[in-house]
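Participant: Let me give you the structure first, and then I'll get to my questions.
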Amino acid sequence: MTQPSLNGEHDIVAKPLKHPWRLVFALILVAILGAFIWSLVTAETIDHAMIFKYLFNKDILSGAWLTIVLTALSMLIATILATILAVMKLSQNPLLRIISTGYIEFFRGTPLLLQIVFWGYLGIIYPTLSIGIPFTDIVFVQGQTSQLISAFSAGLIALSLNEAAYAAEIVRAGILSVDSGQAEAAKSLGMSSTYTMRRIVLPQAMRVILPPMGNETISMLKSTSLLASVAVMELYTQAQKISAQNLAQIELLVVAGFWYLVMNTVLSFPQRWLEKRFGRGFGPGVSGRILKVRRDAK
Amino acid sequence: MTKTVMVEARGVRKSFGSNEVLKGISLEVKQGEVMCLLGPSGSGKSTFLRCINHLETIDGGRIYVDGDLIGYRQVGDVLHEMHPSAIAKQRRGIGMVFQRFNLFPHLTAIQNVMEAPVGVSRKTKSEALQAAQSLLAKVGLADKAEHYPSQLSGGQQQRVAIARALAMEPSLMLFDEPTSALDPELVGDVLDVMRDLAKSGMTMIVVTHEIGFAREVADQVVFMDAGVVVEQGTPSQVLDNPQHPRTQAFLNSVL
Ligand SMILES: Nc1ncnc2c1ncn2[C@@H]1O[C@H](COP(=O)(O)OP(=O)(O)OP(=O)(O)O)[C@@H](O)[C@H]1O
Ligand SMILES: [Mg+2]
């Protein structure tokens, strides 16, 4: 054994603090998890072959793909709408503030499932739709609602509009987190308020916006399963359709659950990349800090 | 030879609610002159500076910069508030440096300097890059171009902020206590840059507690208290031979 040197010229040689309880808890967790998996694997009531048969089924995969498309599109539309709503809510113009607040209250105040079914049944309330200039003969589009708005677009509209209400508050919090001196400096350079928002404030707000928006995306991916109620052929609907025929409900739930889990796990990679991208210039975060601990040299 | 007037303030008044912060400020700064503004905390120095580029609206009086009425259009006897885009245009000719730097933390030093020329003045990227490089060199930070503000010392950040304001080629520079957030050993570098800028003929209004700087660089020193100009004149008049008791008391407290 070398004696730790008290001379400042040498590296500190210290034994790292021990955390024995971490190991104990980890072992308990592994045991519980193992027991649960084992109980599923050995359960007589579950047809394991059925799970593997449907895991890569064509309809299941196309359902999973539609789930991805719905999640991506609705998050994109919701984010754009949310940014507009957030800027409106922070505007000097009282009318814009009222519109934005009203929108947010309305869409957060009613259940998502109710909104989805509403958009799905729009054709019953308004059998025909026309888009044109009111009180004139000018009409751009006209037709049966059920033909103009497919189940897919009804689902997309419902998810996007609802999510925009939640995301608007996240974006607003992000904008408010940026020091007011930033907008002031931008103004003093002759930048317009739109330019300031786009180039100075929002890029900094992203740091605060991204983590909760990651949550929202995960939540959205799962909420797409609610579209089963209006017959959009996403993952959960496909699994239900198959189990309605072969009565293997539990097995198909496992199949769907597996894919939801896979998709959400993959989502964490772009999330991490984006957080790093917009964290530039804000100094090393805790995760970026590298602590070099020298082990006791024998 | 008479120099043209760069800044003219006539009876500027400003209130926040019932608190009247500026009670009729009248000042004149000629082209190429440096005016130093002194005064105790809360006397309205920052507010007055912010009125000059219309970061604050005013309740009375007029401010002209380079002959233009700031923030308003006068039709007959009536003032009309300008459209934000017209005010933004006026601000491009007026550079401002803040006590807390206010650099854009998500942009590197050189990007901070280039942002407004490219985005606002529609300069080409290469043109703006060249100008930004020579400005950073001028403030002694050519080697820090790729650093983010968080990687720079306070003094370096403030010098980038000066370069950023100069990139818009302003005809007037406003400084609001540019060195009072800095460690004492970093103050000198920033004052050196400002001194060079003054020598190059820039018109400057500087709110500062650096009496040495005011004595050396200023053409005019103005002492403000409680929203009024108490005393003004050359540095030697105001700093070495103050007439008003409030000026004397203030100078005793800072020296
Ligand atoms: N946005 C604001 N709203 C309300 N009151 C304000 C606002 N800005 C400044 N004031 C008030 O105006 C007065 C003058 O403030 P100002 O910042 O101009 O003083 P100053 O001379 O720059 O002081 P300091 O040396 O501390 O910077 C203070 O009483 C302050 O509280
Ligand atoms: Mg001040």
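The values are calculated or read from the model by the stated rules, or taken from the named source; none is laboratory data. Model, not experiment: these values are computed from the prediction. Positions of Cβ are backbone-derived with ideal geometry, glycine not excepted, and every protein chain shown enters the neighbour counts. Calculation scope for accessible area: heavy atoms of the full protein, side chains included, ligands and nucleic acids excluded. Shrake-Rupley method; radii C 1.70, N 1.55, O 1.52, S 1.80 Å.
Participant: Tell me, in nm to one decimal, what length is gained between A:T136 and A:N246 on full extension, where the rule is 0.36 nm per residue of separation less the Cα-Cα distance?
Facilitator: 34.1 nm
Participant: Now a separate question. Within straight cross-link reach of B:K199, meaning Cα distance under 19 Å, which lysines are found once same-chain residues fewer than 8 apart are removed?
Facilitator: Partners within reach: B:K3, B:K30, B:K138.
Participant: Over the protein assembly as shown, what per residue volume does the convex hull of the Cα atoms give, in whole Å³?
Facilitator: It is 278 Å³ per residue.
Participant: Given N residues in the stretch A:57-279, what is Rg(Cα) / (2.2 N^0.38 Å)?
Facilitator: Taking the Cα Rg and dividing by 2.2 N^0.38 Å, one obtains 1.19.
Participant: Tell me the accessible surface of A:L76 in square angstrom (1.4 angstrom probe, heavy atoms of protein chains only), to the nearest ten.
Facilitator: We get 100 Å² for A:L76.
Participant: Within chain A, which is the longest segment containing none of the chymotrypsin sites (Phe, Trp or Tyr not before Pro) that sit in a DSSP loop and have at most 12 other Cβ atoms within 10 Å?
Facilitator: The segment A:136-298 is the longest one with no such site.
Participant: Count charges around A:Y166 for me, please; just the other residues with Cβ under 9 Å from its Cβ, Lys/Arg as +1, Asp/Glu as -1.
Facilitator: Taking every other residue near A:Y166 into account, the sum is -2.
Participant: Also: Any chance you could check the Cα centroid distance between the stretch B:1-68 and the stretch B:144-211 for me, in angstrom?
Facilitator: Between the Cα centres of the stretch B:1-68 and the stretch B:144-211 lies a distance of 21 Å.
Participant: How are the Cα pair distances of the stretch B:83-155 distributed, in percent, across 5 Å bins from 0?
Facilitator: Histogram of Cα-Cα distances, whole percents per bin: 3, 15, 22, 27, 20, 10, 4, 1, 0.
Participant: In the protein assembly as shown, carbon and sulfur make up what percent of the accessible area (probe 1.4 Å)?
Facilitator: Carbon and sulfur: 60 percent of the exposed surface of the protein assembly as shown.
Participant: Work out the mean other chain Cβ neighbour count within 10 Å for the residues of B:102-112 and drop it here as an integer.
Facilitator: Partner Cβ neighbours, averaged per residue: 5.
Participant: Residues of the stretch A:57-279: accessible area per residue at 1.4 Å, in Å²?
Facilitator: Per residue, the stretch A:57-279 has 53 Å² of solvent-accessible surface.
Participant: Continuing with this model, one more query. Please check the stretch A:153-186 for residues whose accessible area, probe 1.4 Å, is lower by 40 Å² or more when all protein chains are in place than in their chain alone.
Facilitator: So the qualifying set is A:Q182, A:E184, A:A185.
Participant: Still on this structure, I have one more. What lysines could a cross-link reach from A:K15, if we take a straight Cα to Cα line under 30 Å and drop same-chain neighbours fewer than 8 places away?
Facilitator: A:K292, A:K298
Participant: Sticking with this one: Scale the Cα Rg of the stretch A:2-103 by the rule-of-thumb value 2.2 N^0.38 Å and send over the ratio, two decimals.
Facilitator: Compared with the compact-globule rule of thumb, the stretch A:2-103 sits at 2.24.
Participant: Enumerate the whole-percent occupancy of each 10 Å bin, from 0 to the last occupied one, for all C-alpha pair distances of chain B.
Facilitator: Bins of 10 Å from zero give 7, 30, 35, 22, 6, 0 percent of pairs.
Participant: Find the Cα radius of gyration of the stretch B:41-181, compare it with 2.2 N^0.38 Å by division, and give the number to two decimals.
Facilitator: Its radius of gyration relative to the 2.2 N^0.38 Å reference: 1.14.
Participant: Chains A and B: what accessible area do they bury, summed, in square angstrom to the nearest 100, with a 1.4 Å probe? Write down the numbers at each step before the final one.
Facilitator: On the way: alone 20050 and 12020 Å², together 30130 Å².
In total, chains A and B hide about 1900 Å² from solvent.
Participant: For the stretch A:43-107, compute Rh as the Kirkwood radius over C-alpha pairs and then the Stokes-Einstein diffusion coefficient at 37 °C and 0.692 mPa s; write the answer in µm²/s, rounded to an integer.
Facilitator: It diffuses with D of about 213 µm²/s by this estimate.
Participant: Between Rg and the Kirkwood Rh of the stretch B:128-172, both from Cα atoms, what is the Rg to Rh ratio?
Facilitator: For the stretch B:128-172, the value is 0.95.
Participant: For the stretch B:191-250, what is the Kirkwood estimate of the hydrodynamic radius, computed as the reciprocal of the mean inverse distance between distinct Cα atoms, to one decimal in Å?
Facilitator: When all Cα pairs of the stretch B:191-250 are included, the Kirkwood radius is 12.2 Å.
Participant: Something else about it: What percentages make up the Cα-Cα pair-distance distribution of the stretch B:1-79 when the bins are 10 Å wide from 0?
Facilitator: Percent of pairs per bin, in order: 17, 50, 27, 5, 0.
Participant: If you don't mind, another one. Counting only C-alpha contacts under 8 Å and six or more residues apart, can you give the relative contact order of the stretch A:57-279 as a whole percent? Please list the in-between numbers first.
Facilitator: Working: 239 pairs, mean separation 62.6, N = 223.
Computed value for the stretch A:57-279: 28 percent relative contact order.
Participant: Cross-link candidates for B:K23: which lysines have Cα within less than 18 Å, leaving aside residues fewer than 8 places away along the same chain?
Facilitator: B:K14, B:K45
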